[in-house]
Each structure stands twice: as C-alpha cells, then as structure tokens.
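Colleague: Would you mind keeping the following structure in view while I ask a few things?
The values are calculated or read from the model by the stated rules, or taken from the named source; none is laboratory data. None of the values given here were measured: they were computed from a predicted structure. Here the Cβ positions follow ideal geometry from the backbone for every residue, glycine too, while neighbour counts run over all protein chains shown. Ligands, DNA and RNA are stripped out before the accessible areas are found, and what is left, the full protein with its side chains, is counted by its heavy atoms. Shrake-Rupley method; radii C 1.70, N 1.55, O 1.52, S 1.80 Å.
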Amino acid sequence: MSESVIRAAVVQLRSGDDVHHNLETVRQLVELAAQSGARLIALPENFCFLGSLKEKGKLAESLTNPSAPILKSMRHLSRQLGIHLILGGMPTKTPEGRGFYNTAVALDPSGDAIGVYHKIHLFDINIPDGAVFQESAHVTAGETVTLAQMGETKVGLSVCYDLRFPELYRRLVRAGAEILCIPAAFTLHTGKDHWLPLLRARAIENECYVLAPAQFGRHNPQRASFGKSCIVDPWGAIIAQVPDKEGYAMADLDLSFLQRVRQGLPCLDHIRLTTI
C-alpha cells in the first residue's frame with residue numbers, strides 16, 4: 001500500500017451502562033478491524049458508558065493517571081495492535097474538580113496521547129418528541145481546537161454536536177487537517193434527517209476525509225441513537241458505512257486523491273471571511 005494511503009475504520013456500538021461489557025465489545029471490534037488491516041480506528045462518543053450524565057461523571061478519569069482503568073485499557077489496546085486509536089468521547093476530570101469534560105483522545109501505536117480535545121459545543125436541547133438533553137448541567141465545555149499529528153497527517157478532533165458548527169472545522173482545516181474525526185451518539189430524531197447531510201457537507205466544504213463513528217439503536221427507554229457510522233471522502237461520497245448493528249466499516253484514505261481534489265477545486269485558497 002502506498003505511503004499516501006491510510007486504511008481507516010469506524011466502529012459502531014450500542015453502548016449501555018455496563019462499562020466492562022462496553023469495553024469488551026470495543027476490544028473485539030477493534031481487534032477485528034486491525035486484523036483486516038486498519039491502522040487508524042475511531043470509536044464513537046460514549047464508547048465506554050452511555051447512561052445518565054450524573055453516573056457518567058462518576059467515571060471521569062485524569063488524563064495524567066496511568067492507572068485510570070478506561071484509559072489504561074485503551075492504551076494497552078492501541079499498543080498491543082500497533083494502531084492509532086481515537087477514543088471518541090469519554091468523561092475526564094477538570095482541573096477544578098467540578099463537573100467533567102466530554103473528551104476525545106487520540107492515541108498513537110505506543111499508547112501515548114497525541115491529541116486531547118474537550119467538546120466545545122454542548123448539547124442543550126428540547127426535542128419535539130419529548131426528550132430533553134442538558135449536557136451543560138454536568139459537562140464543562142472545552143475551549144481549544146485540537147489537531148492530532150499521525151505521522152505526516154493531521155487529524156482534526158471533534159465530538160457529536162460540534163458537527164453543526166462549521167466554523168470549528170474551517171479552523172481545523174486552516175490549521176492543516178486532512179482528516180476530520182466526528183464521533184457521535186446522534187439522536188434518532190435528528191439523525192434520520194441531519195446526520196449524513198451534515199457529514200457530507202463538512203467533507204465537501206473542507207475537502208477532507210471524514211471519519212464518523214457513531215452509536216446506534218436503543219440504549220435504554222429514554223435514549224436511542226441513529227447509527228449510520230461512515231467514512232466520507234473529500235468529494236462528499238460515502239465510501240464505507242456500517243449496517244444497523246454493532247460492527248465496523250473500513251476504507252482506504254488516499255491522501256493523493258485529497259490533494260487532487262484540492263488542486264482541481266481550490267476553494268480553500270479562496271476563503272475571504274476569516275473572522276469567525
């Protein structure tokens with residue numbers, strides 16, 4: 001395989017409130033994807049726990065604690081398989097010890113963190129079907145845009161609701177991102193109409209590959225996710241998608257194709273408004 005081609009996979013889960021079961025499912029699917037040749041594997045938001053925000057906060061880990069159980073298990077997995085592994089969203093401690101962050105962590109094949117992103121846009125919304133989400137009641141918003149350097153390639157990190165804010169991705173691509181990672185637990189109500197169109201839009205307008213690992217299915221009586229984990233190319237084509245079950249989808253990210261797209265349609269060179 002050419003050095004300009006990265007074999008990537010997105011993992012789809014139906015996580016619940018049993019952390020051990022969730023992490024075992026993660027291990028099995030990541031191992032299968034790695035055995036199929038994936039060197040960059042992305043997990044969805046809430047990969048380790050999907051339940052109440054109050055209970056989620058009790059699981060928050062310090063990124064500097066080598067014994068933190070969730071991070072330790074994921075670091076071991078990336079090291080064991082020799083892969084880059086993006087943890088799409090997990091609770092981590094704030095410096096003040098109040099609330100917690102919803103954090104995406106990019107690990108290198110040595111298990112070291114090479115990118116840490118705290119979700120900036122928090123999901124506070126009343127959905128017409130009666131579901132109410134108030135992420136900010138427990139979660140602290142991040143403030144910093146984050147790129148992970150994977151070899152010669154820069155990967156822009158984000159989490160779920162961030163997808164609706166294109167200025168974040170414009171900032172990432174202007175900083176050099178060629179791949180955008182958008183892990184999610186998109187609700188069924190919004191996902192059926194918005195998930196795929198928004199992913200394709202972020203890929204097209206930024207001329208980037210998009211990795212979109214997601215939660216799917218019913219997690220509990222109050223929560224269901226849309227699924228449709230996928231990989232989108234810089235022209236906006238969906239080149240891999242997971243069916244409606246736990247599993248993974250894989251595709252080769254051809255960075256020479258990305259460069260041809262950018263050269264043939266140089267819209268990134270024509271940006272005029274840069275104040276956001």
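Colleague: Quick check on this structure: which one of Arg7, Arg27, Arg98, Arg75 is open to solvent by 60 Å² or more (accessible area, probe 1.4 Å), under 22 Å from Thr153 (Cβ atoms) and charged (D, E, K, R)?
Modeller: Arg7
Colleague: Still on this structure: Give me the pairs: first residue in the range 89-101 and closer than 7 Å to Glu61 by Cβ, second residue of a type in the set (Asp, Glu) and assigned to a strand (DSSP E or B), beta-carbon distance under 6 Å, and six or more apart or on different chains, which are they?
Modeller: Pairs that qualify, where the first residue is closer than 7 Å to Glu61 by Cβ and the partner is of a type in the set (Asp, Glu) and assigned to a strand (DSSP E or B), are Thr92/Glu61.
Colleague: Could you look through the range 83-93, keep only residues that are open to solvent by less than 10 Å² (accessible area, probe 1.4 Å) and part of a strand (DSSP E or B), and pick out the one that is nearest to Ile179 (Cα to Cα)?
Modeller: The extreme case among them is Ile86.
Colleague: Return a yes/no flag: does the range 184-195 have any residue that is in contact (Cβ under 8 Å) with a residue 12 or more places away in the chain, touching a strand residue (DSSP E or B) at 6+ places or on another chain (Cβ under 9 Å) and within 21 Å of Glu143 (Cβ to Cβ).
Modeller: yes
Colleague: Scan the strands (runs of 3 or more DSSP E) fully inside the range 94-200 and keep the ones with 3 or more residues being modelled with pLDDT of 95 or more.
Modeller: 100-107, 113-118, 147-150, 153-157, 179-181
Colleague: Do you know which residues across the range 111-132 are over 27 Å from Arg75 (Cα atoms) and surrounded by fewer than 17 Cβ atoms within 10 Å (Cβ to Cβ)?
Modeller: Hits for the range 111-132 are Asp124, Ile125, Asn126, Ile127, Pro128, Asp129, Gly130, Ala131, Val132.
Colleague: While we're here: So, in the range 45-70, of the ones that are in contact with a strand residue (DSSP E or B) (Cβ under 7 Å, 6 or more places away or on another chain) and free of Cβ contacts under 8 Å to residues at least 40 places away in the same chain, which residue ends up nearest to Cys160 (Cα to Cα)?
Modeller: Filtering first and then ranking leaves Glu61.
Colleague: I've got another one for you. Looking at the range 242-276, which of its residues are of a type in the set (A, V, I, L, M) and within 16 Å of Leu211 (Cβ to Cβ)?
Modeller: Within the range 242-276, Val242, Ala249, Met250, Ala251, Leu253, Leu255, Leu258 qualify.
Colleague: Quick one: is Leu198 under 23 Å from Ala9 (Cα atoms), under 15 Å from the mean Cα position of the chain (by Cα) and surrounded by fewer than 24 Cβ atoms within 10 Å (Cβ to Cβ)?
Modeller: Yes, satisfied.
Colleague: For the range 15-81, give me every one of the helices (runs of 4 or more DSSP H) that falls completely inside it and has 1 or more residues that are modelled with pLDDT of 95 or more and of a type in the set (A, V, I, L, M).
Modeller: 19-35, 69-81
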